[in-house]
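Below is one structure, written out as structure tokens, with a few remarks after it.
The values are calculated or read from the model by the stated rules, or taken from the named source; none is laboratory data. The structure presented is a predicted model; accordingly, all values stated were derived computationally and were not measured. A quick note on method: Cβ atoms are made from the backbone with ideal geometry, for glycine too, and the neighbour counts reach across all protein chains shown. Side chains are part of the model used for accessible areas, which takes the heavy atoms of the whole protein and leaves out ligands, DNA and RNA. Shrake-Rupley method; radii C 1.70, N 1.55, O 1.52, S 1.80 Å.
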Protein chains: 2
Amino acid sequence: MAPKTMSLKRAFSATLQQIRTYSAPGDRSIPAAKQKYVPTSGTYPKGFLAGTSHAGVKASNTKYDDVTMVVSEEPCAGAGVFTRNVFKAAPVTVSRQTLSSRKSDGLRGVIVNSGCANAVTGKKGTEDAAVMARETDRCFGEVQAGGNEDQTVPRTLVMSTGVIGQQLPIEKITGAIPKAHQALGTSHDHWLKAAQAICTTDTFPKLISRTFTLPSHPDTEYRIAGMTKGAGMIHPNMATLLGIICTDAKIAPSSIYDMLRRSTPNTFNSISIDGDTSTNDTVAFFANGAAAPNDQPAMEFPSDDGDSPHASSADITAMQETLNSFMGDLAKLVVRDGEGATKFVTIRVRSDIGFLTAKRVATSIARSALVKTALYGKDANWGRILCAIGYAPGIIPSTEPVDSLRSRNLHLGMDDSKFQVVPERTSVSFVPADGSEELKLLVRGEPERVDEARAKEILEMEDLEILVRLDDGPMSASQRREVKDRRIEQERRGISRPLASVGRKQSEAVVWTCDFSHEYVTINGDYRT
Amino acid sequence: MAPKTMSLKRAFSATLQQIRTYSAPGDRSIPAAKQKYVPTSGTYPKGFLAGTSHAGVKASNTKYDDVTMVVSEEPCAGAGVFTRNVFKAAPVTVSRQTLSSRKSDGLRGVIVNSGCANAVTGKKGTEDAAVMARETDRCFGEVQAGGNEDQTVPRTLVMSTGVIGQQLPIEKITGAIPKAHQALGTSHDHWLKAAQAICTTDTFPKLISRTFTLPSHPDTEYRIAGMTKGAGMIHPNMATLLGIICTDAKIAPSSIYDMLRRSTPNTFNSISIDGDTSTNDTVAFFANGAAAPNDQPAMEFPSDDGDSPHASSADITAMQETLNSFMGDLAKLVVRDGEGATKFVTIRVRSDIGFLTAKRVATSIARSALVKTALYGKDANWGRILCAIGYAPGIIPSTEPVDSLRSRNLHLGMDDSKFQVVPERTSVSFVPADGSEELKLLVRGEPERVDEARAKEILEMEDLEILVRLDDGPMSASQRREVKDRRIEQERRGISRPLASVGRKQSEAVVWTCDFSHEYVTINGDYRT
């Protein structure tokens, strides 16, 4: 028996090796299926530079660049959105402090290392992150040799990605920073190498660039470029999602954070769908205005009093839309590179009872291991989709003790949406990627007779949309009352934005995810050893 | 190339088949590793009977019993706790109505079918569930032939388990119900067959029985017996956790629901750890008093005014403790039979800032696919544990839009616990199952130098405990203030129980879970096809 067991084990392991077509090959070559996502040219924002160098942060990495610098020639406006994890990595703490002290102004850019997350590393970790920023600033003459450097507020943000709980080999990194500075350049190749050097288990570099115009100066061409690497259920073992976005449009420091914050929920926050909000998640946005005509003021959001529409109102609206779309495309690339993923799945939920409900339902489906394994198995098991809709956190606080439930019901007031999802108004369909007709699985709470052959056909495609309608049919009298009451309560409390979509005709939440394969388990079971 | 690909596929599939030692064999034989969990004898409560029969609910099931009746000879007190999923299955709706109409009194027991969940089946489903109850009652002469039977409140609860979205083959089931009735008996064999017949993908029947006494009549022997089947991340594809518990102690109908409800959070609600709260989850509890001396009143909880301690106070306290322990052991059997599971993992979280925080943290770790795949891979990747602590829902609402966060912060008030988990007070250890010393991974937010060989040794064991201390070190002044403020707020609002543990010296939450293996993906990717 023993030899047989051994040979089975070997066969199993060999088989798994063979089918790992979706994870990073050891030599960092890009799998054929992913080549189409890697650009061969680009248009990059004026005045921004990218450079990389080799530090060998991971001892096993003897040749690949793992230190990346993305900077503006002139200090510029910058902002960041960061993980809400309680265990924030040192670079997150240091970068937030920098942005806060500089009030989003006078920033140089970002220094990144891959191979080690510098997370849960105590005081030493914080010092190291600060050193990375300072050494980058020093390359630009911002820090005087022998000067009172500890008291200088850095101009550079810091990002790290890799294993949690290990100290950075900081000397290796400080040695590599001047080399990355020397390597700075503006070509497509520079940007692509930067996008590659921030990767960890990613199978391809994720880089996008495009041009746009703004209404006030339709003849001026602006550029935006950005890179990202994976995280969450997507690339969770490296515990990090990073994003760096640069534009040569001119955005006021007072407005750049608001702009980034507004674009985040429906882009990067619509893919971190498994709750694996890491210790390091960071998306940074820089605007240096290098392409703006000299006479053009920086774009600003109108002030709160609202009685003096700002000159740049139309521009900033257009800029926000550009950023929304750009960040959406960048975020989707992360899903395309999901660990072990064989499918790209769009979850679209329509609701007439508030955006938040729709988003919670979409997120719940996207997080369900049962839905994701069924998609991997090409199984039209729509019962699992229904089940995930029905237990969506916030729809029903299912995992908490009864006492907590009671307490929530007392205090949550209008945020308690447990009466909002009504089975009799719920419909679910598969929407094929090829534009052919949707396949209805459930209509107003009643199961359809599903054409299994057609379902199989749709599930064979790489791209798939699951469409959920929570608004299929008229509201009951009590639902209408509830929606009205919530709107009144909202006005009473003086909250205009948070639940503004309540009572609106329709809202739609979209979350992007991938399937859940054997290979995911292999990658994440084997990772550290 | 084609032949090679085929052969690899075959090898892969063959290998997976061979290593599926943890899921149900086709012939329903019990795997050797699980034999130890199956009792060979038992002591069953007086006056309760169990019987099974074959209906063939699944067309492919031509020989195994799939209809189960567990009943009391005399009508008795009964209660149920049910799924909070919005899409409640028909048997859940019908059973809740029965309990409500009967005020937990005059119940006969339960009728169960496996093979089909009767969930999302519309009106027809509700009718079918009602028919199952009525046909069972008819066996006991409760329903007169040709009588006004539709208006009789049933005495029997209904449970179904299996695929969602398919109608029951109700004629097969109504045909099998009288046969299950004829097969009723009190022997160990009857109970074991019943525990087997409610199973779906379970690899072994989960049955426990034991005896106990109560303080008022120390010479009287009472008995409690129960069976369960899996659900959640554990056995999610059948979309159901079912539990049936019977005792011959005498519990007042007015108190039986409270007793069941109080025992649920730390037992069955501490294993449904992935949020996969199904459409069918039901745990029912029956007490017929058949072993109680004639002069003994039914046990009751003291009334709310509290000035007349009830005669049975000591008894009902002891009964509650018996039920707690019994339900805990039953629930743990479900984890032992997790789909593809190779490990039984106890997550224990200690907190001095409230039980709810501890429970949320424990649940978050238990749900993390990253932690579970690392355990499967025997990888001491404690960074993932930290990460899961840091994003625990309720600790930090990470997946919701910023606007929602703002709204929650405004309204959640004292329930907003985001300041409660302080990295500097957090420690994490592995506690080996063999009683040897714990292995410290993180102490007060600082990583330990981990002995990897020792970690590997611990991770080789089937049982493992992850111990998290959120209270390792003194509170900061602001934390003490927060705890005090919350207690005052709580008193002001007149809530005594929900957050009663706030400010207590220490509370502890325990959640049981299993690891996450290749086989889980295989089972759930293949399931329906």
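Data overview
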quantity	calculated
Too-long pairs where the Cα-Cα distance tops 31 Å, listed order kept, from B:36/B:378; B:206/B:378; B:46/B:206; A:456/B:378; A:456/B:124; B:88/B:172	A:456/B:378
Inter-copy separations for residue B:40, label at 7 Å along Cα-Cβ, nm, ascending	7.3
Summed buried accessible surface, chains A and B, 1.4 Å probe, nearest 100 Å²	8400 Å²
Cβ neighbours within 10 Å from other chains - mean over A:375-382	5
Average beta-carbon neighbours from other chains, 10 Å sphere, peptide A:162-169	3
Relative packing of peptides A:120-131, A:103-114 - highest average C-beta neighbours within 10 Å first	A:103-114, A:120-131
Rounded percent of accessible protein surface that carbon and sulfur make up, the range B:55-180, 1.4 Å probe	48 percent
Unit charges at the beta carbon, dipole of the range B:25-99: most positive-side option, B:52, B:77, B:35	B:35
Shielding score for B:362-371, defined as the mean number of other chain Cβ atoms within 10 Å	4
Where the range B:71-119 is the region considered: accessible area per residue in Å², 1.4 Å probe	28 Å²
Solvent-accessible area of residue B:217 with every protein chain in place, 1.4 Å probe, in Å² to the nearest 10	50 Å²
Rounded to the nearest 10 Å², the accessible area of residue A:460 at probe 1.4 Å	100 Å²
Accessible area (Å², per residue) of the range B:356-396, counting only protein heavy atoms and a probe of 1.4 Å	13 Å²
³J(HN,Hα) computed for each position of the range A:320-334 - Karplus, 6.51 cos²θ - 1.76 cosθ + 1.60, integer Hz, glycine/proline x	4, 5, 4, 5, 3, 5, 5, 5, x, 5, 5, 4, 5, 4, 5
